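Got a structure here, written out as structure tokens. Questions coming.
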Amino acid sequence: SGGIGTIAFQADLDGNWDIFLMDRNGSNIRQLTDDDHYHFDPDLSPDGKQIAFTSDRDGDTEIFIMDVAGNNVRQFTVNESDDHHAAWSPDGTMLAFTRESIGDPSIAVVKVDGTGVNRLSNPLIRGSHPSWSPDGTKIVFSSPDDQGLRQMPQRAL
């Protein structure tokens, strides 16, 4: 990710998902999480120093951030919704993610300092799996709601 030659991925080796890193050529595999919780959806920051990931360690799914050594884990989102599928902005200043309440997922963005949470998708549109454009001005996401998407105006980030 970010041209640094490292890949973050999830794997289930012992009955729950954990986060791993490896070099681009498949060598030097490092396991970063190893406990009874599920850790998944890793995304390596553009500078290669941090990983945003989803975990159920607080009772529901939330976004967490840790350094690439697997240390300094901090809970990034704290709420009753399920937050998952975090994606770093190309400049590393924001995260886009899926926020799901009562089965209705939407796309939100937040500054990496935790301020400025902003829901981007229209309430009529269910959205998940966000990904930033290379210039950081747009976010693409998955949605089963084609009718709502036709009605959704483009919004600047």
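Tell me, what % of the accessible area of segment 33-138 is carbon and sulfur with a 1.4 angstrom probe? Numbers along the way, then the final one.
Numbers: 2450 of 5030 Å².
Whole-percent figure for carbon plus sulfur exposure: 49.
Taking Cα pairs under 8 Å and at least six residues apart, what relative contact order does segment 3-144 come out at, in percent? Can you show the working numbers first?
Numbers: 346 pairs, mean separation 19.1, N = 142.
About 13 percent, as a whole number.
What are the ³J(HN,Hα) values, in whole Hz, obtained from phi via the Karplus relation 6.51 cos²θ - 1.76 cosθ + 1.60 with θ = phi - 60°, for each residue of segment 81-92 in sequence order, with x given for Gly and Pro?
3J(HN,Hα) across segment 81-92, in whole Hz: 7, 8, 10, 7, 6, 5, 9, 5, 5, x, 8, x.
So I have (i) 47, 34, 28; (ii) 63, 40, 24; (iii) 71, 32, 27, and one of them is Cα extents along the principal axes in Å calculated from this model. Which one is it?
Answer by label: (i).
Any idea of the accessible area per residue across segment 1-83, 1.4 Å probe, to the nearest Å²? Walk me through the numbers before you get to the answer.
On the way: 4180 Å² over 83 residues.
Spelled out: the 1.4 Å probe surface of segment 1-83, per residue, equals 50 Å².
The values are calculated or read from the model by the stated rules, or taken from the named source; none is laboratory data. Note that the coordinates shown come from a computational prediction; the quantities given were computed from them, not determined experimentally. All accessible areas refer to the heavy atoms of the entire protein, side chains included, with ligands and DNA or RNA removed. Shrake-Rupley method; radii C 1.70, N 1.55, O 1.52, S 1.80 Å.
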